[in-house]
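What follows is calculated from the coordinates using simple rules that are stated; it is not laboratory data. Because the structure is a prediction, the values reported are computed rather than measured. FYI the Cβ positions are ideal-geometry reconstructions off the backbone, even for glycines, and counts take in every protein chain you see.
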Amino acid sequence: MHLKVMTPARLYVDEVVEFVTIPTKMGQVTALPGHDFVITVLKEGKLYFNKRKGEKPHREDYLIVGDGCAEITNDEVMVFTKSVKREEVLNGDGKDTAW
């Protein structure tokens, strides 16, 4: 499944992933390949995904996303958010060095 995470200013993630877990206003939603079509409202929180390398899972990763929305189809998740941060930014010296 294809994951795209973007803000109005930039595309942050454009990856093939095994799954995506999205923080929504109604709780977490996990999307796998073959998921039904859904549009949902995001709340600030951790967006988890598992990158793929070839046919084997590579590693689980996550981003901190702000409010926004997401569109889930059977083979793609598109996340539109007002902000994106990596863990290093939150645990570091406060400077935005992740991107």
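Count the lysine pairs in the stretch 2-91 that are 8 or more places apart or on different chains: how many have C-alpha atoms under 30 angstrom apart?
Number of lysine pairs found: 25.
Rank-order 9-20, 73-84 by packing density, defined as the average count of other C-beta atoms within 10 Å over each peptide's residues, highest first.
For the peptides 9-20, 73-84, the packing ranking is 73-84, 9-20.
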